[in-house]
Each structure stands twice: as structure tokens, then as C-alpha cells.
Amino acid sequence: MSRRKTGLRGGLSTLHFNKRGHFLLELKDLVAFVSSILWLLSLFQYACPQFRGDRGNEIMATSNSLNVFLREKSGRSASRRLRRDDHFPAILYGKHTEPEKLTVDAREFTKLLRSISGRKTIIELKQVGKDAPALSFLQEVQRDPIKDIVLHADFQEIRPDEKFEVEVPVKVFGECKGVRYQNGILEIATHSVRVRCLAKDLPGAIDVDISALEVEQTIKVRNLPALDGVEYRDSEGQTIVACLQGELEEETPAEGAAAPVKK
């Protein structure tokens with residue numbers, strides 16, 4: 001077997017040829033080559049907006065789906081049996097329909113929570129026997145504080161052509177100017193705001209830039225970014241983020257300096 005050097009920088013450094021002239025790759029060279037290709041693909045995706053997903057105050061144009069089943073039995077005993085089989089009880093309620101008792105697969109639900117990463121999103125509940133899924137959003141999740149398992153979930157049904165109100169998380173980003181240069185303390189007063197919109201206009205989160213925030217300044221609901229089709233329902237004067245004045249450090253006298261004389 002012969003060995004030949006190549007001129008590829010950051011890629012294949014050595015090619016091994018067998019007796020028939022076909023080259024073989026060393027494992028470390030193959031890993032380096034694949035890593036380079038993946039890096040170039042990620043750079044291309046970042047540079048081209050048409051291949052990059054929305055960031056910031058993105059609108060949930062797509063929804064997530066979850067398979068559910070109609071629950072016939074209720075009560076503590078029935079709920080315990082569901083949890084032993086990696087399922088848990090849930091309920092779907094809405095303004096135009098009667099509440100439905102549902103059963104949800106715990107593992108599938110956990111994957112859903114990981115995919116949405118705390119952002120508000122529309123969830124399509126697919127139920128066996130129904131032609132169309134029910135549009136909903138996750139209203140509340142009850143967990144066991146010790147075992148950290150889901151005990152119950154509430155879904156609120158919505159209609160695509162009807163506006164609804166919902167709590168949307170607030171996410172701050174950037175390095176606060178008052179904290180970095182003015183010895184300030186950042187205080188997040190509100191972690192979510194209430195909005196009213198159609199399902200197609202629902203923002204996953206309200207992203208707030210705090211990089212220009214100085215000491216003794218605040219960001220209120222009236223300062224939040226304007227989003228098409230989204231109406232803020234909280235008071236305009238409600239504080240979202242504030243930069244407070246930190247404690248000023250007292251100057252200590254230099255070593256050997258004379259102490260002030262008391263009169």
C-alpha cells in the first residue's frame with residue numbers, strides 16, 4: 001500500500017492507495033473532512049436568508065402536532081394507571097365546544113416541550129376518529145415536584161379565524177450598558193405579557209433588547225416592539241425590565257495616609 005500527500009488545507013491530509021489504485025481514508029482525516037463540509041453548509045445557511053429560519057419575535061406560521069386519545073375513565077385510580085403506562089390525563093376546553101377528557105403519551109409530550117423550548121406555539125391535537133385536528137395552545141402543565149413527571153395538562157382550543165388572548169413569554173437579550181459600565185443591577189419585573197391575536201400571528205416570545213439600557217432606566221409595555229396583528233393587553237406603564245443603581249463602593253484611604261482629624 002502506497003501513501004501520497006495532498007494539498008487540501010483543513011481537509012484530507014493523507015490518502016492511502018491499495019494495489020488497484022483506489023484510495024483509502026484514515027478515520028481522523030474522514031472526520032476532519034466531514035466537519036469541514038458541515039461547517040461550510042452552516043455558513044451558507046446563515047448567509048442566505050431564504051434558508052434561515054426566523055429569529056427574534058418570530059411568528060408561529062407552523063404548528064406542532066400531538067397525538068391524543070379520548071379518555072373514558074377519570075379519577076385518581078384511572079390517572080395512576082395511565083401514568084404507570086407512561087401516559088397522563090389532559091383536558092381540552094374552548095369557548096365553542098364542550099370540554100374533552102384526553103390521554104397523552106408522556107414521552108411524546110416531553111419531546112414536544114423540548115422542541116418548543118418554552119416558547120408559545122400552536123399545537124395540533126390529532127385524535128383518532130376525527131378528520132381534522134383541533135388547534136390549541138398549552139395553557140397549564142401540572143408536575144410532580146419530587147418525581148418531576150407530568151401529572152396533568154390543560155389545552156385551550158382556538159379557531160384560526162378568531163382572535164384570542166394568551167400569555168407569551170418575554171426573553172431579554174444583549175449586554176446591559178448600565179450593568180457593564182455603571183455598576184447597575186438588572187431586574188426583570190415581568191416574565192410574560194398578555195397579547196391578543198389570531199393563531200397565524202401568535203409570536204413564540206417577545207424578545208427585548210437591553211443592550212442600550214442605562215441605570216435608572218426601564219423598559220415598559222409601551223416600549224415593546226410592535227408586531228403585525230399583535231395587541232398588547234397589559235397596562236402600557238407596566239415595567240418589563242429595569243436597571244437599578246447598585247451599591248457604590250466606598251473609597252478606602254491609601255496605606256500610610258493620615259487619618260482624618262475629628263473636631
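Brief remarks on what is shown
- Single unsatisfied condition, Gly118 versus (1) under 18 Å from the mean Cα position of the chain (by Cα); (2) part of a strand (DSSP E or B); (3) not charged (D, E, K, R): (2)
- Out of Ala189, Ala226, sole residue that is within 25 Å of Gly118 (Cα to Cα), of a type outside the set (Val, Ile, Thr) and surrounded by 13 or more Cβ atoms within 10 Å (Cβ to Cβ): Ala189
- Any hit, the range 190-212, residues being free of Cβ contacts under 8 Å to residues at least 24 places away in the same chain, more than 30 Å from Leu135 (Cβ to Cβ) and not hydrophobic (A, V, I, L, M, F, W, C): no
- Single residue of the range 219-263 satisfying the filter (of a type in the set (Lys, Arg) and over 27 Å from Val179 (Cβ atoms)) that is modelled with the lowest pLDDT: Lys263
- Filter pass, Leu113 being in contact with a Ser or Thr (Cβ under 7 Å, 6 or more places away or on another chain), surrounded by 10 or more Cβ atoms within 10 Å (Cβ to Cβ) and either under 30 Å from Lys163 (Cα atoms) or at pLDDT 80 or above (or both): no
- Any chance Ile123 is touching a residue at least 24 places away in the same chain (Cβ under 8 Å), touching a Ser or Thr at 6+ places or on another chain (Cβ under 8 Å), among the aliphatic types (A, V, I, L, M) and under 17 Å from Gln156 (Cβ atoms): yes
The values are calculated or read from the model by the stated rules, or taken from the named source; none is laboratory data. Source: prediction; values computed, not measured. Methodologically, a virtual Cβ is constructed for each residue, glycine included, from the backbone with ideal geometry; neighbour enumeration extends over all protein chains shown.
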